[in-house]
Every structure is written in structure tokens, then in C-alpha cells.
Amino acid sequence: MTATGIGAPVRRKEDQRFVTGQGRYVDDFNRPGQAYAYFLRSPYAHARIRSIDTGPATIMPGVVAVFTGDDLAADKIGGLICGWMIHSKDGSPMKAGPHPALAQGKVRYVGDHVAVVIAETLAQAKDAAEAIVVDYEVLPAVVDTAEAAKAPVQVHDVSPDNTVFNWHLGNKDETEAAFARAKHVTKIDLVNNRLVPNPIEPRAAVGEYDPGTDNYTLYTTSQNPHVARLVLSAFIGVAPEHKLRVIAPDVGGGFGSKIFIYAEETVCVWAAKKVKRPVKWTSDRTEAFLSDAHGRDHVTHAEMATDENGKILGLRVHTTANLGAYLSTFSSSVPTYLYAPLLSGQYDIPAIYCEVDAVYTNTAPVDAYRGAGRPEATYVVERLVEKTARELGQDPAEFRRKNYITQFPHATPVIMTYDTGDYAASLDKALEIADYKNFQQRKQESARRGKLRGIGFSSYIEACGIAPSQAVGSLGAGVGLWESAEVRVNPTGSVEVLTGSHSHGQGHETTFAQLVSDRLGIPIDQVSIVHGDTDKVQFGMGTYGSRSGAVGMSAIAKALDKVIAKGRKVAAHVLEASEGDIEFKDGKFGVAGTDRALGFGEVALQAYIAHKFSGQDLEPGLKEGAFYDPTNFTFPAGVHICELEIDPDTGVTKIERWTAVDDFGVIINPMIVEGQVHGGIAQGVGQALLEGAVYDQSGQLVTASFNDYCMPRAIDLPSFQVGMTVTPCPSNPLGIKGCGEAGAIAAPPAVINAITDALGHEDIAMPATPQAVWRAAQKARMPVAAE
Amino acid sequence: MYAFEYHHPTSVEQAADLATRSEDAKFLAGGHTLLPTMKLRLAAPANLIDLGQIAELRGIQRSGDAITIGAMMKHAEVASSADVRAAIPALAELAELIGDPHVRNRGTIGGSIANNDPSADYPAACLALNATIVTDKRKITADDFFQGIFTTALDEGEIITRISFPVPAQAAYAKFRNPASRYALVGVFVARHADGVRVAVTGAGSNGVFRLPEMEEALSRNFAAEALDGIAVPEDEMNSDIHADAAYRAHLVGVMARRAVQAAAARS
Ligand SMILES: Cc1cc2nc3c(=O)[nH]c(=O)nc-3n(C[C@H](O)[C@H](O)[C@H](O)COP(=O)(O)OP(=O)(O)OC[C@H]3O[C@@H](n4cnc5c(N)ncnc54)[C@H](O)[C@@H]3O)c2cc1C
């Protein structure tokens, strides 16, 4: 390991600019002549629009233009799309309603886009929006996930019973047979609470049009600018792909919510041409709560069958997934292929069958949010495993160990083939760090102080590095999920890496440079990572699903291999040796068995001056590109243990210890990885204890600000004990598995398993707020009082 | 935010005069309540009279058996005041529990009391400590001042200049924070005075801050947490929202009252 190579805890290069306020986010871009867009949003969850009178608004001071859905339709601008086709059990394609960027005839959630005002200033745009007269016929709304299919309200005409699809995965007959054989069946009902992503930077967009060249530019808060360009051009049709440049500069967090292509950026690009001026929109926090795609929102019933020895025989799951009022870009994949294939957890479960009903409601669209499907699956598996162990009177750690998969590769009954892992190693290490053997003493000590102490496990697995393009294509994905990279070596030997991954908090400028430093033997300050601009990077699939290490860096590694191969040729000419005798080691191209060698920079210079070889023998220059398509998903896994104490008088839960032992494969930068684990746990604890989007029955978002939507704070979290185990991933050249979502996936069941352990019963839902825990603690006390 | 006229008087007299002369005027203190409502376009005063440059509204004095705090004193200033810490430590601790550092370094005691948010902390201190709210026109006892949520005895254009807190024998404040906003979900301020105990509750009541006479009587007889045993807090006047329903709030009032009494009794 070199000081800046793979495995070194290098400080993040990008932090200098972030912590000194030098970051450049979309809202920092102001274009000459720029006007401001403000979206008039629906105050109702469900209403027919009888008419919209924009007349009074158009004559307000500073107004440049006012547009409605009719204007988009007149220009043949298509609706927003969902890029993953899911088929129902009966083979029929999912029933997706239209998703216009500005409402046409109907609004379907509070915050839905009714019209846009473009004005000289934002304040003028807002003033004018107040003057738009909309005649609404308010309709009853449906908000409840479990009730949606039975509700007397229909959100989309094309979707009877508000049902988008009835999907399934696994083997029903084998699962039924397993349950028939079972000695014991454990049942559980779960709600996976709806979350609002809340990245620190709200979404923003600046659209610009150059009539001279007919070129469009969109600055946008995107995790995948090329996908945005593809969707905006090929599907929505705002501009031809080769005429549209999408720039996603510094982006302040996404957590999934900035993967999707939304109405606002669509309208900004389109309107820039209409009004012949750059058009800017920046979301405020209220708009973010109302209109960013939310996460999770599942209602699940699950059952686990075990035999007389406590071996798991089968799992059956029924989930209703709320997709909100419209299908967001990847929404259909989240409760299906990102969910059910993870239901085997770390366990050898011979038979699994999962049914998912996806429903429309009059709520904000729901799509991928940190973990996307995998937290939901892990919550089902880990709550159920813990409950089963308790019902069987077995130690939850040993029950897990007994059922762990130990032979690899392992094909689960739900598509996935796990490549490698050592689950017991993580468990052992976690038990050690958590001092599990003395837990009972600590519990008694708490009891003496009138407190309830509990411990909970989460032995999670996830699938990252999405994914072999053929595989996802066969499952309905509209795109391939490879990644691209281009390595440009300059004549001075410095290197620019153009990547299709996008960094919005992950630290790519550091970790990607570490890979280059490691491979080429040059310091990381000689390496620039270029991303987020479709004019610079040819194509890329972007960053989500912890894929940038396993897929994005693998593409870079592949391109680096080509650079080294070319460098070897150049060196052979310069050193007048045969190519086969050139070795590349420690940043030097040398002739084997001699001390004749050239530094990497010298070879770069020789490649460009091209004096030592003829154009017939070798092309000048040193620049190579690669596309990397993974051969499998990667399977990060680990064990998290949460120990907490409940004050039964108030219901306050205090997390006392947190142990995380993760196997992320090869680690590029342990400091950054640990940071990702910390952030993930914080988000998972947020889901378990604090966060929850609440709509009232009329479809108003009750938790539409930080006054009511509770984000995790430092004070809510203990100091984490983080450990690692490593089984290198065999399916990519770097052995990387991915770490971006693990904490958010692992944490919720660990917290709730600890709470239910403390309470002595399972009757608590997320978020386990003080009120909920107090009430549950009352219930726990009751039998004691009755004795 | 809509456009408004901004004024920055340097005396209370000027401020009062501006308020009577200008149409639709509002005083601006720390702005931590007023400005967000204006940004959300829920409030749209035509004239904003900033009290920030008025020296008379600042300062903390200890005189005999009272602490007097200028209306424009920020929460952080009250929290760190040596005089307040020495005379009424519970008041300094309460100020320390408000919001976060940003809020404590902008928000003012006068703004908090004038606003009378049902979840604000200071109203409980005022009521339990039997404070006197001094305005440019008169003196109002806390019992008369707080008149229901966001409602006070202040007349249009009346300015709070200072608040005077009698120093109690013992006092403490126990706050149960709303997990999201950090305001009081339930806050109970208990103060033992020479002539009896006062117990004030904020956050919980559907009609704003209130006193609990039954607890006050019991504690006046015996200033110990056990004195509260058997005293039930009625649910019917409790607030109910997604964070806490009436039953939970009523329960928490009891728990916080006990904790406050324990903390106060432990003080010499
Ligand atoms: C994020 C956040 C968290 C908070 N948490 C808490 C908390 O935990 N506990 C708590 O108690 N409070 C909390 N607050 C409220 C805050 O501490 C202030 O007390 C509150 O905003 C009012 O004080 P201000 O100085 O900001 O008043 P402003 O917002 O400037 O004014 C509020 C109102 O009072 C009027 N006013 C102001 N001064 C006077 C005066 N001298 N005479 C007459 N009228 C006047 C104004 O005209 C206005 O109507 C929080 C606020 C925020 C933004």
C-alpha cells in the first residue's frame, strides 16, 4: 500500500472546497439574462381541473410567461417516464397512468405541478402565481397503502383498484410444501414507513438555449446526468440528445432522490427556448418535502417456516407497496427486483415466495431511497428471524449462525447467486466488539435503575454494483447498467479520469484518484476526476445502489490497464527493447533484468512527442477508454448489533452501543468507508426512531417541514464501533463490494429488534417515537401488574 | 416574502411612535418566528420596526430580590448571565434548552413572550416565577399576560421593555422536547416561593401555558416529588398532534413535574 494508493485513509480532496464554501452547486450558476421559474402546485391531493385562467398572472409586474400543461402538449412534449417494465403474475404489463410535467385535467397529490410562472425575479413569479385562477373540483383522496386497492377512489383511469401490478417471485408450490412440513411457523405484520429523502441541497435546475447553435444546456442536481439527457431527449422530447448538454456540478447529497427525472428540469429546458432566456428553478424546503420522490412505504405480512431443529425451511411474503400518485423513473423496480431477490438474507432458505401488489395513492411519488428495496427486504427478514429465534427459545445470534449460508457460490430461490462471504466471521467479530456475553449483566443493571435494556441484531445482506446489463434487461430494465471511463494522460504525465459515475457526497475525487495513484504510481494530486458533464464524459449510468466502486472503478481499472499496455509499447520503442521485455512496476517502465527504465511521466511525454516511433508502428498519444459491464451483483453483508435503553416513564429510547461489522470486500479508503457506514446508520436510526412522512386522510402532508419531520441529530446517536471483515469480491477486478447503503439497510431492524427485546413484545412500529415506545412499554408492564 | 418598509428606531419612544403612525406594522426582535412566517407568505406586514438598535431594551439587572431582563436579550445571553445563574439557575437552564445555538443567538426573551407560542419555554418560567412583564405603557403580571395560544394582554403597538422575575427559594424546569422541532412537547417549571409553590406547564395545554393548582397546593404542603402521587392531570385540556396525543402529554406533565420538583429540591 502506498501513501495514496488502495487501502490508504487519504483525506478527501474535495473537502477543501466544500468546507470553505467554494463548492459550486446548481444554484450557484447564474446565466446572463436569467429568469426565474416558480411552480404553482396543487393544494389538493386529488382534484379535477375545470379551468385554469392564467390571464391575470401574465399582466403582473416582471412576468415573462405563464405556461400550463396545454402548452407542453401543444409542443408535443411527452410525459415523465418509468424506465423499468414490470409484468404482473398474469403476464400483463404494469398499468401506468400518464405523468405530464404540468397537470392535464387532474392533479393527483398535494404539490403536483399545475402551472409555471417565469418572471424577472422569484418574488415576482410567486406574486403572479397567486394571481392564477384555478377552478378545482375537489375529489376524495386515497392515501393509505393498505387501503388503496379497496378505496372507492381511482387515481388513474388505466389502473383499476389503483393497482399498478400484482407481481411475484419465487416458487409458490415449493414454499407451500415447506410450510406444510414445518414444525413451527412465525408470522409478522410490518410497516416500512415512508421517508422523505432530505438531501441538504434541494433540487435545482437552470435551462438554457442558444438559438445560434440550437444547443440546449441544463444544469441540474442529478446523480446521473447522462440518463437525464437520454430520458429528456428520447422519451420526453425536449431536445435532441446531441443538442442537449446536461451538467450536474457539485451536488449536495441525493440518497436516490436525484436519480429521477422530474417535471421541474423538464420545464426549465423547454421553457428556456420558449422565452429565449435561461430559466432557473431552485426548490425550497417545503417544495422538497412535497415533491421529491419519497422512499419505502410498504405494508407486509410475512411468515417463516422452521423444522424441529430450528432450520429455516421456507419464507412467504406479501407486500403492498405504495408508489404514490405517479410512477417515478425507477419506482417499479424498487419493490420488485431490488426487494424480493434479497429476501433470502444471509440464510440458506430452500423455498421463498413473495407477492408484491403495487398501488397508486394521492401522495408524492415513491422511488429509490438509500438502499432502495434492500432495507425493506432486510427489515422483513431480520425482524422475522429474530422473532422466530425468540419463539423457538433460541439465542438470536446462534439461530442466525445455524442458518447461515456457508458454501459459495450459493443460488437462492429468488434469482440471486451469492458469490462469496463469511457471515459467521462477521458475527463472531460483532459479538466480541459488542461484549454480548455480558449483556445480561448490563440489562440487570439497567433494570435496577428502572430502565429497560434490549439488544437487537441485524445480519443483513444487500446486492450492490447494479448490474449485468443482460440480467437487468431480462428483468425489465430499460437501460444497461455498465459504466464507462476514459483515462487521459497529459504530456506532463498528469492524468484526467472521465467517469460516468457521479459524486454527490461519496468522495470519488479521492477514491478514484487513489486507484489511479495505485496503478500508475503517481501521486493523487496529479490526478483529476472529471464527472457530471455530458459534453466531457461520453456516457455513463451514474451513481446509486453503491455501484460506483464496483462498476465505475472497474471501468477505470480496465482503462488503466489499456493505458499501461500502450505505455509499454511506447517504452519499448524508446528503450529499444522488445515490448515483451517491458515491465511496469512502481510507476516505471523498465526492461526486465536491467536497470534501464522510464518514469510514467517520461513515457507520457514520449507518447505525445512521438519522436521515437513512426505513425505506422504506433499511434501517438496516451488516452484510453473502457466500458465495464459487471458479471454479477456484489453482495456486501455484515452484522450490526444495537444495544439500547428505554425509559419506560417517558418512552425515550437511548442507543447505548452500536456495533457494525461489515464485509465490503476490498476497501479503497477506510476513512471514507467508515464515514459512509456512519451516515448510513444515522439514516437507518432515523427511519427506526424518528422519521416518518405522515399524510392526513385528505392527502395533506402533515410532516412538510423540519418542525414535524424529525431528522436524526448527532445527539440521537452513540459513538459507533465499526469493524470490518474482508472477502474480496470475485466478480470485479478490484474485489470491491460497495458500502454506500449498508448502514441504512442494516440499522432499522437492529434498532427495532433491540426495542422489542427490551419491551418483551413485538408490538411496535417504525418510527418508534417516544410516544409509541411509551405506549408499548405500558403494554409490556400490564401482564406484570396483573400477576 | 412580500415587500415591506424597514424601520430601525433607537428608542422605545420612537418605536412606539412609528407603530402608531405606520399602517400594519410589526415589531422585529430576533426574527426567528416572524421572518419564517413572512418568508412563507403567511404574514405580510407593510412595516417592520426593528427593535435591535434600542439600548433601553437590553441588559440584565439584579436588584434585591428580583432579576430584570431587557426584552431584547437573547436566549444565549440569559443562559450565560452570571447574575441569572446565581439568582435563578433554573431560568438560565431553560434558556440553554431553547432551540439550537443559532436560535439562542438570535431569539429574544421579549419576542418569545410576545409571541406566546404554546410550545415556547419562557412562558412557563414567567408564570411559575410570578414574573412581571413591563411594557412601554404598564406592568402586567404573568397571570394576566398569557391569554391563550399566540394571544397576550399586549395592545396593538405596545412594546415589552423588560421582564422582572422574583428570585424564588428553589426552582427547576424539566423539558420534554418535541423530537423534531425541539420546542417543548411538555415543559414544567416548578418554583418554591416564600408564599407557596407555583407550577406552570407549557407545550401540553390546548390553550397555551397554564398552572396546576392541585400540584401547587400539594407541593406547598410538602415540596417533594412524592407529594404529587395520586394527582392525575386531566387529558381533556391537553393538546394532541402526531408527536403526542392528549393522554401521553397528560402523563408527561406528571413525569416532568416530578423531575422538576426533584431537581428543585436538590438545590440549596
Ligand atoms: C428552529 C427554531 C427552534 C426554536 N426552538 C425553540 C424552543 O425550543 N423553545 C422556545 O421557547 N422557542 C423556540 N424557538 C423560538 C425562538 O427562540 C424565539 O423565541 C422566537 O422565535 C421569538 O423570538 P424572536 O426574538 O425571534 O421574535 P420575532 O420573531 O422577531 O418576533 C415574534 C413576535 O413577537 C413580537 N415582538 C418581538 N419583540 C417584541 C417586543 N419587545 N414587544 C412586543 N412585541 C414583540 C413581534 O412583532 C412578533 O410578532 C425556536 C425558533 C426556531 C426558528
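The values are calculated or read from the model by the stated rules, or taken from the named source; none is laboratory data. Given the structure is predicted, the values throughout are model-derived calculations rather than measurements. Note that we place each Cβ from the backbone using ideal geometry, even for glycine, and neighbour counts take in every protein chain shown. Accessible surface areas use protein heavy atoms only, side chains included; no ligands, DNA or RNA. Shrake-Rupley method; radii C 1.70, N 1.55, O 1.52, S 1.80 Å.
Take each residue of peptide A:124-133, count the partner chain Cβ atoms within 10 Å of its Cβ, and average: the result is 1. Have a look at A:G521, A:M85, A:Q470 and report the one farthest towards the positive end of the charge dipole of chain A, computed about the Cα centre with Cβ charges (Lys/Arg +1, Asp/Glu -1). Most positive-ward Cα: A:G521. For the stretch A:1-152, a simple Cβ point-charge model (Lys and Arg +1, Asp and Glu -1, everything else neutral) yields a dipole of about 640 debye relative to the Cα centre. Residues in the stretch B:195-206 carry Karplus couplings, in order, of 9, x, 9, 10, 10, 10, 10, 10, x, 8, x, 6 Hz; the curve used is 6.51 cos²θ - 1.76 cosθ + 1.60 with θ = phi - 60°, and Gly or Pro positions show x.
Taking Lys and Arg as +1 and Asp and Glu as -1, the other residues whose beta-carbon sits under 11 Å from that of A:H410 total -2. Computed over protein heavy atoms with a 1.4 Å probe, the carbon and sulfur contribution to the accessible area of the stretch A:1-94 reaches 52%. Candidates A:W658, A:F613, A:P140 compared by Cα position along the dipole of the protein assembly as shown: farthest toward the positive end lies A:F613, with charges placed on Cβ. Distance between the modelled labels on A:Q538 and A:T213, one decimal in nanometres: 2.0 nm (7 Å Cα→Cβ projection). With 30 Å as the limit, the listed pairs A:K13/A:K437; A:K76/A:K280; A:K402/A:K737; A:K76/A:K126 have A:K13/A:K437 beyond it between alpha carbons. Rounded to the nearest 500, the 222 nm mean residue ellipticity of chain A from helices alone is -8000 deg cm²/dmol, with -39,500 (n - 2.57) taken per DSSP H run of at least 4 residues. Accessible area per residue for chain B is 42 Å², calculated with a 1.4 Å probe on protein heavy atoms, without ligands, DNA or RNA. From the Cα gyration tensor of the stretch A:107-192, with a ≥ b ≥ c the square roots of its eigenvalues, which class applies: rounded if a/c is under 1.5, or else prolate if a/b is larger than b/c, or else oblate? Prolate, because a/c is 1.5 or more and a/b exceeds b/c. Each semi-axis of the equivalent ellipsoid for chain B is √(5λ) with λ an eigenvalue of the Cα gyration tensor; in descending order they amount to 31, 21, 15 Å. Electrostatic tally near A:E176: other residues with Cβ closer than 12 Å to its Cβ, Lys and Arg +1, Asp and Glu -1, net 0.
Computed from label points 7 Å out along Cα-Cβ, the spacing between B:A43 and A:V158 is 4.8 nm.
Relative protection proxy for A:396-408, A:723-735, B:113-125, A:631-643, from highest mean packing down: A:631-643, B:113-125, A:723-735, A:396-408 (other beta-carbon atoms within 10 angstrom). Where a ≥ b ≥ c are the square roots of the eigenvalues of the C-alpha gyration tensor, would you call the stretch B:5-54 rounded, which needs a/c under 1.5, or, failing that, prolate if a/b is larger than b/c, or oblate? Oblate shape, in that a/c is at least 1.5 and b/c is the bigger or equal ratio. In the stretch A:484-559, the C-alpha radius of gyration followed by the widest Cα-Cα span (Dmax) gives 11.3, 36 angstrom. Farthest towards the positive end of the charge dipole of the protein assembly as shown, among the residues A:L690, A:T68, A:A754, is the Cα of A:A754, using unit charges on the Cβ of Lys, Arg, Asp and Glu.
In the assembled protein chains, B:R249 presents an accessible area of approximately 10 Å² (probe radius 1.4 Å). Taking Cβ atoms as reference points and 15 Å as the exclusive limit, the residues near A:L327 contribute a net charge of -3, counting Lys and Arg as +1 and Asp and Glu as -1. Which of rounded, prolate or oblate describes the stretch A:482-628 when judged by the alpha-carbon gyration tensor and an a/c cut-off of 1.5? Note, shape of the stretch A:482-628 comes out prolate.
Magnitude of the charge dipole for the stretch A:440-543, about its Cα centre and with charges confined to Cβ atoms of Lys, Arg (+1) and Asp, Glu (-1), is about 1140 debye.
Pairwise Cα distances in chain A exceed 49 Å in 20 percent of cases. Protein heavy-atom surface of the stretch B:58-265, 1.4 angstrom probe: 45% of the accessible area is carbon and sulfur, with nucleic acids and ligands not counted.
In percent, rounded to a whole number, the relative contact order of the stretch A:477-603 is 27, using alpha-carbon pairs under 8 Å and six or more apart.
Within the stretch B:70-170, the GluC sites (Glu not before Pro) that combine a DSSP coil assignment with at most 16 other C-beta atoms in a 10 angstrom radius are B:E156.
Solvent-accessible surface of chain A, taken per residue with a 1.4 Å probe and all protein chains present: 35 Å².
When the accessible areas of A alone and B alone are added and the area of the pair subtracted, with a 1.4 Å probe, the result is around 1800 Å², both sides summed.
Tell me which aspartates and glutamates have Cα within less than 15 Å of A:K569's Cα, excluding those fewer than 8 residues away on the same chain? Counting by Cα, and skipping residues close in sequence, A:K569 has these aspartates and glutamates nearby: A:D561, A:E579, A:D581, A:E583, A:E602, A:D617, A:E619, A:E624.
Entry note, chain B: relative contact order of 15 percent, from Cα contacts under 8 Å with a spacing of 6+ residues.
Computed about its Cα centre, the charge dipole of the protein assembly as shown is approximately 980 debye, with only Lys, Arg, Asp and Glu carrying charge at their Cβ. For the stretch A:282-341, GluC sites (Glu not before Pro) are listed when DSSP marks them as loop and at most 13 other Cβ atoms sit within 10 Å of their Cβ; the list is A:E308. In this entry, the stretch A:174-274 is assigned a mean projected area of 10.5 nm², taken as a quarter of its C-alpha convex hull surface.
Legend: residues A:T186, A:T121, sorted from most to least accessible area (1.4 Å probe; ligands, DNA and RNA excluded), read A:T121, A:T186.
Bridge orientation summary for the protein assembly as shown: considering DSSP beta bridges with both residues in this region, about 80 percent are antiparallel. The accessible surface of the stretch B:5-54, taken with every protein chain in place and a 1.4 Å probe, is 52 percent carbon and sulfur. Helices that extend 20 Å or more along their long axis by alpha-carbon positions and average at least -1.0 on the Kyte-Doolittle scale are, among the DSSP H runs of chain A, A:374-391, A:554-575, A:670-685, A:742-759, A:770-786.
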